[in-house]
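Input: a single structure, listed below in structure tokens.
The values are calculated or read from the model by the stated rules, or taken from the named source; none is laboratory data. Everything numeric here is computed off the predicted structure, so don't read it as measured data. Backbone-built Cβ (ideal geometry, glycine too); neighbour counts: all protein chains shown. Remember, those area values only see protein heavy atoms, side chains included, never the ligands or the DNA or RNA. Shrake-Rupley method; radii C 1.70, N 1.55, O 1.52, S 1.80 Å.
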Amino acid sequence: MGLLHSIFGGGTGLQLTLDNHVASPGGVIGGRIVLGGGTKPRQLTELTAKLCSVELREVDYQTEPEVDVEVLETQVVAGGIQLAPGAQMPFTFRLTVPDDLEPSGSLEYKVVATADIPGVADPEAEVSVTLIEASDDDVRPLSLHEIVERFPDLHSREEARLCEALNDFYIACHNEGARLMEGEQLIGYHMMNGTVRVRREALKAWANLVDNRVQPHHLQVLYTLANTPGLSEETFKEVIVAATKFAEEGSLPLVQQLAQHPDPNVRGEVAWNLDLNAADKFNGKRELLIQLARDPDGYVRSGAVSSLSDYLDEQGIAQWIAQFIDSDPEPVVQSAGIVALYCASDYGLTDFALAVYEKHLQNPNPGVRKTIAGALHFMPKEAVQRVGGLAQRLAQDPDEMVRDALATEFHSLDEMPQLLPIAQYMAQNDPSIDVRRTTIGAMSALMAPQQAAAFYGQLFGQARDEDDLLAIIIGLREHGEHPEVRRLLTHISQLPVPPEIVDAAREAMS
């Protein structure tokens, strides 16, 4: 946030920045203090951060108001430290705002940082804070007390309940990590002191919490974990996840080290997590992916090739991916290349990707052809003619798995209703009853509501068992709010059929 205020004393300096300039009662104000050394060695007796209220009072017969300052909260940040000449020593602090404070108005609130350094004028800095009602502060950092109130089983002694709470905390951090930072110490305790399962869940939660907020001490913790002997395989996987998440924030050397691990499973986890958990691009990522794409192990290469999708905007990368699909002996790598081209249209490479897919409809491995089926809904509707050609050929694929993947794909192709005849043919003629039912459940996305009501009404008259009825209900769910569709679903829910069929019909109308 930059230097907001600085006061120098005796050659020493102090800089104060805040994470949040708006707070509310019960919340937390976090920040950073950088203490600078002067021209001589000094001893820091105590470094403090204080939350203060400032009130100006008019006094009779005085031209200037009196200033009343009250210290509301204090944290001793550091003490007993040698301050070397020219040093820049960073510290973080967290101050909990008392629950009973009034919003800013007649009172002004400040955070004041002071360093007690004998022999010089104590450097001090202050920053104003606006206090608002908690009900108006949607993004305020929560105190540890509030976090534990929300996730009470973080204090549970039962492994299952504690792990469930850690997982809930992990999920919450996706959107609320900045608000939950006060829970870091508690999560860290479980990460270092729990059972194997608890430590793994805590590590996963901690990595999600500090991601995009990584400080040097977080990297130290990560490096220590990575070098801890005897970690379980699942825990070590979470170390790799954390390392790739933090790669653009300082852990790239660790990622590079893990990318050369003698175990191909470790190298593979690195490659895939560079795709799934790392930032799209950062310095060093492209070079590392190219290195991993040349790995002797197919699993490693597949992760690297998939991750290269982030670089489709660079000349030659798309062609390189296509060459992998053509020449790599491992089907898993070929499929990864198909997936890497899923977003090709975002880079103006629709025709290129379609040409690759058309070519590999002849691929001898059904897994690759199945992956092509999953690519169709990524194509723009303007490409419907060529997409239709792909769908027509996939609908005739000799492998049931491939045809079932296409049938499922119809649900996501609502912008291409021109594909409906292909779906209708599969629903009526596919040699697999499972593929026919999958098609029936998905193809309604290609229909208008009245059309769906008529089509599924006809199928209802031909239904032979509960599985047929369930496929019809799944298809009707796409248009569950339309009156004609609701009438058919209501009729099904009133039949003497198993309860799960009745529940599915009712749910389709909700």
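Key figures for this structure:
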| item | result |
| --- | --- |
| The range 461-486, residues that are open to solvent by 50 Å² or more (accessible area, probe 1.4 Å) and more than 41 Å from the chain's Cα centre (by Cα) | Gly461, Gln462, Arg464, Asp465 |
| Listing of helices (runs of 4 or more DSSP H) fully contained in the range 400-474 that carry 2 or more residues being at pLDDT 95 or above | 400-409, 420-429, 433-442 |
| Conditions (1) assigned to a helix (DSSP H, G or I); (2) within 17 Å of Leu209 (Cβ to Cβ); number of the one not met by Arg140 | (1) |
| Ala160, sole failed condition from (1) buried (at least 16 other Cβ atoms within 10 Å of the Cβ); (2) aliphatic (A, V, I, L, M); (3) at pLDDT 90 or above | (1) |
| Residue match in the range 60-69 (condition: modelled with pLDDT of 90 or more and not aliphatic (A, V, I, L, M)) | no |
| Lone qualifier among Val356, Val387, Val333 - being among the aliphatic types (A, V, I, L, M), touching a Leu at 6+ places or on another chain (Cβ under 9 Å) and either more than 23 Å from Val435 (Cα to Cα) or at pLDDT below 95 (or both) | Val356 |
| Every pair of residues 6+ apart whose Cβ atoms lie under 6 Å, when the first sits in the range 189-214 and is in contact (Cβ under 8 Å) with a residue 12 or more places away in the chain while the second is outside any helix (DSSP H, G or I) and buried (at least 19 other Cβ atoms within 10 Å of the Cβ) | Val214/Phe246 |
| Leu186 modelled with pLDDT of 95 or more, buried (at least 21 other Cβ atoms within 10 Å of the Cβ), in a helix (DSSP H, G or I) and over 15 Å from the mean Cα position of the chain (by Cα) | no |
